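See structure below.
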Amino acid sequence: MQPNGAGDDATQWPDVGVVLATHNRPQLMREALASILGQDYPGRIRVQLVYDRSEPETELESAEPGREVAVTINHRTPGLAGARNTGVLALDTELVAFCDDDDVWLEGKLRRQVELLVGSAGAEFVTTAMRVDYGDRSTVRLAERDVITVGDMARSRMAMLHSSSFVFRRDAMLDRFGLVDETLPRSMAEDWDLLLRAARSAPIVHVDEPLVGIRWGASSYFNDAWRDKNEAHAWLLANHPEIEADTIGAGLQYGKLAFGHAVLGERREALRWTWRCARRNPRERRWVLALLVCAGVSGEWIQRELNRRGHGV
């Protein structure tokens with residue numbers, strides 16, 4: 001379905017603003033930018049390139065009709081959340097999309113999402129599945145559904161709903177589900193929090209095709225930040241009662257906390273969360289992984305092997 005039967009008439013497709021937040025990844029960021037500007041989307045794309053704690057490259061600004069690029073710096077909380085909010089507030093487009101500076105949009109991504117969003121009554125937010133690139137190995141992660149509810153998000157992070165696939169109505173963010181939360185440590189889990197709030201406002205529609213390429217591993221600033229991850233998981237439990245109320249969702253968070261404390265060598269806390277996880281949901285595998293780390297298995301090795309298969313801890 002095309003917006004208003006528009007065909008390829010650019011004036012009939014909603015303007016899309018893309019927040020591309022970046023921090024010291026000039027080459028990868030340029031690949032991300034090229035993948036956005038190269039989309040076959042008939043409407044206007046305006047990229048808001050937000051430099052977070054790094055020197056802005058104003059030479060990347062462009063006024064090319066239909067494919068503008070504006071450059072600014074993050075003037076809110078340092079980090080990804082503040083940079084994204086800086087971009088959202090600088091835009092005036094009907095729709096807003098996110099793309100991380102180490103990821104790429106694949107062919108047809110934006111057109112497919114806008115078609116679905118505009119054609120779905122009451123929809124405010126749309127995602128896609130992803131292709132995970134880890135070293136020389138690629139893995140496709142599908143959601144196997146076309147609508148995501150707040151119950152789905154409470155039960156699982158659904159990692160295939162990556163932030164680089166997010167497209168949403170700007171007025172819905174400003175008036176209903178809110179900006180990206182800037183209080184989370186190092187912006188950890190801010191994407192999960194945003195998905196929970198968005199799905200609480202209205203079910204998320206989803207294109208279950210791998211339309212974003214996600215780099216995992218050495219390029220990720222969050223890959224080994226276990227203390228911040230632990231704090232973020234505890235914050236999610238405290239701020240989203242839907243998670244604590246769901247056996248699988250609560251077990252998932254307990255297991256993540258067990259593993260995170262085990263990696264940090266905090267054996268007492270690791271075993272406490274392991275016990276809570278095993279009691280709440282014995283089938284949750286993360287408590288077993290936490291015990292392996294407590295027994296001496298390398299947590300880094302476990303994470304690396306999971307990432308290589310397109311999964312996280």
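The values are calculated or read from the model by the stated rules, or taken from the named source; none is laboratory data. Bear in mind that the values here come from a model prediction, so they are computed numbers and not experimental data. For neighbour counting, all protein chains shown are included, and Cβ atoms are generated from backbone atoms with ideal geometry for every residue, glycine included. Keep in mind that these areas ignore ligands, DNA and RNA; they rest on the heavy atoms of the full protein, side chains included. Shrake-Rupley method; radii C 1.70, N 1.55, O 1.52, S 1.80 Å.
Once the convex hull of the alpha carbons of the chain is built, what does its volume come to per residue, in cubic angstrom?
Details: hull volume 38.1 nm³, N = 313.
Roughly 122 Å³ of hull volume per residue.
Tally Lys and Arg at +1 and Asp and Glu at -1 over the other residues with C-beta under 14 Å from the C-beta of GLU231: what net charge comes out?
Spelling it out: positives minus negatives among the neighbours equals -2.
Could you pull the accessible area for TRP301 with a 1.4 Å probe, rounded to 10 Å²?
120
Residue by residue, what Karplus-based ³J(HN,Hα) values in Hz, rounded to whole numbers, does the stretch 186-197 have, using 6.51, -1.76 and 1.60 with θ = phi - 60° and x for Gly and Pro?
6, 6, 5, 6, 5, 6, 5, 4, 5, 4, 4, 5
List, in order, the whole-Hz ³J(HN,Hα) value for each residue of the stretch 115-128 obtained from phi through the Karplus relation with A = 6.51, B = -1.76, C = 1.60 and θ = phi - 60°; use x for Gly and Pro.
Computed from phi, the couplings for the stretch 115-128 are 4, 5, 4, 5, x, 10, 4, x, 6, 10, 8, 9, 10, 9 Hz.
Provide the solvent-accessible area of ASP9, counting protein heavy atoms only and rolling a 1.4 Å probe, rounded to the nearest 10 Å².
Surface open to solvent at ASP9 totals about 70 Å².
For the chain, what's the relative contact order in percent, using C-alpha pairs closer than 8 Å and at least 6 residues apart? Each step should come with its number before you reach the end.
Values: 660 pairs, mean separation 50.5, N = 313.
Rounded, it is 16 percent for the chain.
Run the numbers on the stretch 227-312 and let me know its relative contact order in percent, using alpha-carbon pairs under 8 Å that are six or more apart.
Dividing the mean separation by the residue count of the stretch 227-312 yields 26 percent.
Considering only C-alpha atoms, what is the centroid distance from the stretch 242-313 to the stretch 119-161, in Å?
22
Between ALA245 and VAL297, with labels modelled 7 Å along Cα→Cβ, what's the label distance in nm to one decimal, could you check?
Distance between the two pseudo-spin positions: 3.5 nm.
Using a ≥ b ≥ c from the Cα gyration tensor of the stretch 40-140 (square roots of the eigenvalues), is it rounded, prolate or oblate, where a/c under 1.5 gives rounded and otherwise the larger of a/b and b/c decides, a/b for prolate?
The shape class here is oblate.
Say R0 is 30 Å: what FRET efficiency, to the nearest 0.05, do GLU31 and LEU174 get from their beta-carbon distance?
FRET efficiency, GLU31 to LEU174: 0.50.
So, counting K/R as plus one and D/E as minus one, what does the shell of residues with Cβ under 15 Å around GLY151 add up to?
Details: positive: ARG145, ARG155, ARG157, ARG197, ARG200; negative: ASP152, GLU242, GLU244, ASP246.
Every neighbour counted, the sum reads +1.
Pop the C-beta distance of GLU55 and ALA238 into the FRET formula with R0 = 25 Å and round what comes out to the nearest 0.05.
The formula returns an efficiency of 0.10 here.
Can you run phi through the Karplus equation (6.51, -1.76, 1.60; θ = phi - 60°) for the stretch 168-174 and list ³J(HN,Hα) in whole Hz, with x for Gly and Pro?
Ordered by residue, 3J(HN,Hα) equals 8, 6, 4, 5, 5, 5, 6 Hz.
Tell me the net charge near ASP52. Cut-off is 15 Å between Cβ atoms, ASP52 excluded, with +1 for each Lys or Arg and -1 for each Asp or Glu.
On the way: positive: ARG25, ARG53, ARG76, ARG84, ARG186; negative: GLU55, GLU57, ASP100, ASP101, ASP102, GLU182, GLU190.
Computed value for this residue: -2.
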